[in-house]
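First comes the structure, then the notes that go with it.
Every number here is computed from the coordinates shown, using simple stated rules; none is lab data. Keep in mind the model is a prediction, meaning the values are calculated, not measured. In this analysis, Cβ positions are derived from the backbone assuming ideal geometry, glycine residues included, and neighbour counts consider all displayed protein chains.
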């Protein structure tokens with residue numbers, strides 16, 4: 001029972017978000033699985049409930065304030081909101097010249113405005129309940145860049161500073177805000193992305209070899225960091241970015 | 001030697017065409033004047049037509065050349081038009097200096113969705129639009145330099161600037177992205193100004209209670225012990241625009257009197 005209270009996990013219907021939802025439930029939290037994929041959210045919430053946890057599913061497009069408010073209300077109905085994990089995100093692979101307005105806006109809305117709206121909705125509940133913690137899913141590409149990801153890099157880079165702002169603003173309210181910055185992990189987005197390659201295994205190895213540990217990260221390793229930041233073990237840690245990347249960013253920064 | 005003519009004054013931007021957004025006043029105007037002094041033809045872009053016209057007049061009074069272009073950079077069609085106007089008039093583009101910005105303060109939970117959208121559009125999307133429109137011209141004309149104005153608040157957190165800080169930090173990464181993607185031909189760098197004593201800064205100050213005390217407090221946090229001047233920033237922009245910085249790309253140059261280093 002290291003994480004009591006209610007946790008909201010956006011993008012919780014699949015991939016890293018799903019793994020995080022399970023991990024927070026294992027740590028004792030009641031979990032609200034908020035995802036644009038309503039059926040997926042339902043599936044994950046059912047699995048959590050079957051394993052003995054308290055859970056609820058909410059269809060939620062994080063770019064829509066009304067959806068985010070709805071998820072927050074559902075969470076508040078389960079108890080005091082203690083944890084918000086902003087995990088919903090979309091990727092984009094287009095060069096600056098090729099990137100369309102629609103693509104730029106879509107990525108910025110989901111990956112940057114989404115966390116803003118979620119924090120704006122959840123933090124007042126945390127403040128009212130004496131504290132809480134936000135963990136946002138950043139990315140190696142919010143710390144360093146690779147060609148072909150302008151919108152994603154801009155959004156994830158912005159997210160880091162957004163979280164630092166929020167951390168400073170609510171430091172006195174016992175609300176902590178931190179970022180985890182994974183590189184490619186063997187889950188969700190990356191599996192889908194690599195499956196499209198002509199030789200998926202070769203691509204996986206090539207990406208793995210970019211980092212000094214020569215392997216992909218795992219969902220468990222990301223969950224460990226999220227659980228740490230969400231728990232009291234990190235009670236003096238706020239405004240920080242933890243890379244989970246096999247030292248990839250360290251080499252390039 | 002005071003007052004002696006500068007005999008071997010080297011013009012750093014001869015025949016270059018430089019587009020500067022937000023150059024109807026403040027930092028943008030100072031850069032426009034300095035760039036023109038160094039031989040550039042300057043496309044003076046601003047949402048304020050009067051300010052832009054005044055800047056062009058100032059350039060011309062010193063023997064420089066420029067044109068005023070109206071644009072609200074939070075509007076994509078305006079951004080496309082401003083780049084097209086520059087190329088139509090001068091036939092080329094060498095320097096794109098994205099300086100225009102809006103600054104709204106307010107704690108995260110008080111920041112409205114409208115303020116968020118306007119801040120992200122003006123301070124981040126606008127620069128993406130401008131670079132997307134300008135890059136084909138920069139590439140066609142043998143390369144060029146992109147300079148983006150971020151902020152100390154894009155490097156560190158501060159109270160009350162959620163949207164602004166997020167936009168400016170995003171801009172830092174967007175710029176690095178540009179540097180990596182278009183490396184051989186186009187350089188892209190960031191200037192990160194701290195507190196610069198411009199007309200806009202003064203306007204904000206007018207609304208601040210206890211303004212003098214506030215400025216004193218601010219000054220104490222800046223290692224060099226003074227606020228910045230628009231000319232301080234323009235000098236960095238000139239360096240980044242010119243071949244003096246031919247091997248500098250993807251850099252973030254603070255114009256903050258040491259503020260970010262302290263923090």
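Tabulated data
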item: Nearest-ten-degree value, helix A:150-169 long axis tilted from longest Cα axis of chain A; result: 30 degrees
item: Chain A - mean residue ellipticity at 222 nm from DSSP helices (-39,500 (n - 2.57) per run, n ≥ 4, rounded to 500); result: -14000 deg cm²/dmol
item: Relative contact order computed over the range A:6-252 (Cα-Cα under 8 Å; 6+ residues apart), in percent; result: 18 percent
item: P(r) weight above 34 Å for the range A:6-252, C-alpha pairs, percent; result: 11 percent
item: Burial ordering of B:238, B:205, B:173, fewest other beta-carbon atoms within 10 Å first; result: B:205, B:238, B:173
item: Inter-label distance, nm, simple model (7 Å from Cα along the C-beta direction), residue B:200/residue A:220; result: 5.1 nm
item: Per-selection Kirkwood Rh - the protein assembly as shown (Cα, Å, 1 d.p.); result: 23.8 Å
item: Gaussian network model of chain A, Cα within-10 Å springs - most flexible of A:35, A:61, A:224; result: A:224
item: Choice from A:110, A:96, A:134 showing the highest fluctuation, given a GNM over chain A with Cα pairs closer than 10 Å; result: A:96
item: Shielding by other protein chains, B:176-189, mean Cβ within 10 Å; result: 4
item: Inter-centroid distance (Cα atoms) of the range B:206-258 relative to the range B:67-97, Å; result: 26 Å
item: Overall Cα dimensions of the range A:194-249 - principal axes, largest extent first, Å; result: 45, 19, 16
item: Folded to 0 to 90 degrees: helix A:114-128 orientation relative to chain A principal axis, Cα; result: 30 degrees
item: Per residue Cα convex hull volume in Å³ - calculated over the range B:111-195; result: 80 Å³
item: Computed helical MRE - 222 nm, chain B, DSSP H runs ≥ 4 contributing -39500 (n - 2.57), nearest 500; result: -14000 deg cm²/dmol
item: Pairs of Cα atoms farther than 30 Å apart, chain B, %; result: 24 percent
item: D_trans [Stokes-Einstein, Kirkwood Rh over alpha-carbon pairs] for the range B:207-260, 20 °C, 1.002 mPa s, µm² s⁻¹; result: 164 µm²/s
item: Rounded tilt (10° steps) of A:65-78 against the dominant C-alpha axis of chain A; result: 50 degrees
item: Among B:136, B:209, B:193, residue whose mean-square fluctuation peaks in a GNM of chain B (springs only between Cα atoms under 10 Å); result: B:209
item: Shape parameters for the range A:111-253, alpha-carbon atoms, Rg then Dmax in Å; result: 16.2, 52
item: Taking the range B:73-138 and dividing mean pair separation by its residue count, relative contact order in percent (alpha carbons under 8 Å, at least six apart); result: 56 percent
